[in-house]
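J.: Right, I'll just put the structure down here and ask away after.
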Amino acid sequence: MEDVDEVEHFFGVYLLYCKNPKYKGRTYIGYTVDAKRRIKQHNAGAKFGGAWRTSNKGPWTMVLIVHGFPNDISALKFEWAWQHSDVSRRLRHVPKKKSKQKTFDYRISVLNEMLKIGPWCRLPLTIRWLDSEFANEYSMQVSPPLHMPISYSKVVSRKIGKKSKKKNALERKDLLDDLESILCSICGKFVGSNEKLTCVKPGCFLISHIVCLAEKFSTDDMILPIEDIF
């Protein structure tokens, strides 16, 4: 796990495991926009931004983090449901924790179930294992939908300034405007300026006919598209 991935617009929900012999086995579920900074805060204590439930009980290890949520609200709802699986209306079908079952094992089983039900099963999430020891033992117990990748590398969140966003958007618009004859990315035929659709994601230069894109997305049974068109 020496590789590090850089992710923009990062909203993540993580699972901690306590390695302190006195509190070993305890877990904590939280939300963050910066995984590296957050684990440092937890291990430093509440005075340094860590949660009171983890304060003075370290060391903690961040076992995994789920990210790819469209915004903070979406991530916080996922966090709450994972924390309170016993009262979440979406998880009523999930069996209660057994008395002899380890808390960590139960957290993993709940996560596995959450990734398979709506609305989370339709999100472009990534399941990222940050601790190789736990990944080796538990990774097979988390089987998300096929469109959700599983990663085994560290992650660094990258902030995009407003000026950079505006500059990139203008450069992209200028490039598209300069192209008089544009080919549809789906059918390969010419696209008129009044019938083209472009992607809102920065850095994506997909261009297509409205009808072509509609037909492409209609091949999936899901109401909302969950996969790239290519």
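J.: Taking 0.36 nm per residue of sequence separation and subtracting the Cα-Cα distance, how much length would be gained by fully extending the chain between Arg92 and Ser193, in nm to one decimal? Don't skip to the end; give the middle numbers.
T.: Details: separation 101, 0.36 × 101 = 36.36 nm, distance 4.99 nm.
The span from Arg92 to Ser193 would gain 31.4 nm if fully extended.
J.: Work out how much length Leu183 to Asp34 would gain on full extension: take 0.36 nm times their residue separation and subtract the Cα-Cα distance, in nm to one decimal.
T.: Numbers: separation 149, 0.36 × 149 = 53.64 nm, distance 3.96 nm.
Answer, rounded to one decimal: 49.7 nm.
J.: Please give the length that would be gained between Leu76 and Phe48 if that part of the chain were fully extended, namely 0.36 nm times their separation in residues minus their C-alpha to C-alpha distance (nm, one decimal). Show your work: numbers first, answer last.
T.: Working: separation 28, 0.36 × 28 = 10.08 nm, distance 2.16 nm.
Taking Leu76 through Phe48 to full extension adds about 7.9 nm, to one decimal.
J.: Set the Förster distance to 41 Å, then compute FRET efficiency between Ser143 and Cys204 from the Cβ-Cβ distance, nearest 0.05. Please report the intermediate quantities before stating the final value.
T.: Numbers: r = 29 Å, r/R0 = 0.71.
Calculated transfer efficiency: 0.90.
J.: Does region 4-158 classify as rounded, prolate or oblate by the C-alpha gyration tensor (a ≥ b ≥ c root eigenvalues; a/c under 1.5 gives rounded; else a/b over b/c gives prolate, otherwise oblate)? List each step's numbers first, then the result.
T.: Working: a/c = 1.44, a/b = 1.10, b/c = 1.30.
Because its axes are fairly even, with a/c under 1.5, region 4-158 counts as rounded.
J.: Sticking with this one: From a point 7 Å beyond the Cα of Asn112 in the direction of its Cβ, which residues of region 70-97 have a backbone N at a distance under 18 Å?
T.: 82-83, 85-86, 91-97
J.: Specify which residue in the list Phe10, Ala46, Thr32 is farthest towards the positive end of the charge dipole of region 2-67, using unit charges on the beta carbon of Lys, Arg (+1) and Asp, Glu (-1), about the Cα centre.
T.: Working it through, the farthest residue towards the positive pole turns out to be Ala46.
J.: Add +1 for every Lys or Arg and -1 for every Asp or Glu among the other residues with Cβ under 12 Å from the Cβ of Asp105, and state the total.
T.: Numbers: positive: Lys97, Lys98, Lys100, Lys102, Arg107; negative: Glu137.
For residues surrounding Asp105, the net value is +4.
J.: Which FRET efficiency value, to the nearest 0.05, do you get for Lys102 and Lys154 by plugging their Cβ-Cβ distance into 1/(1 + (r/R0)^6) with R0 = 22 Å?
T.: Working: r = 26 Å, r/R0 = 1.16.
The formula returns an efficiency of 0.30 here.
A short reminder: the numbers here are calculations on the coordinates, not readings from a lab. As the structure is a computational prediction, the values presented were derived from the model and not from experiment. Here the Cβ is made from the backbone with ideal geometry for all residues, glycine too, and neighbour counts use every protein chain on show.
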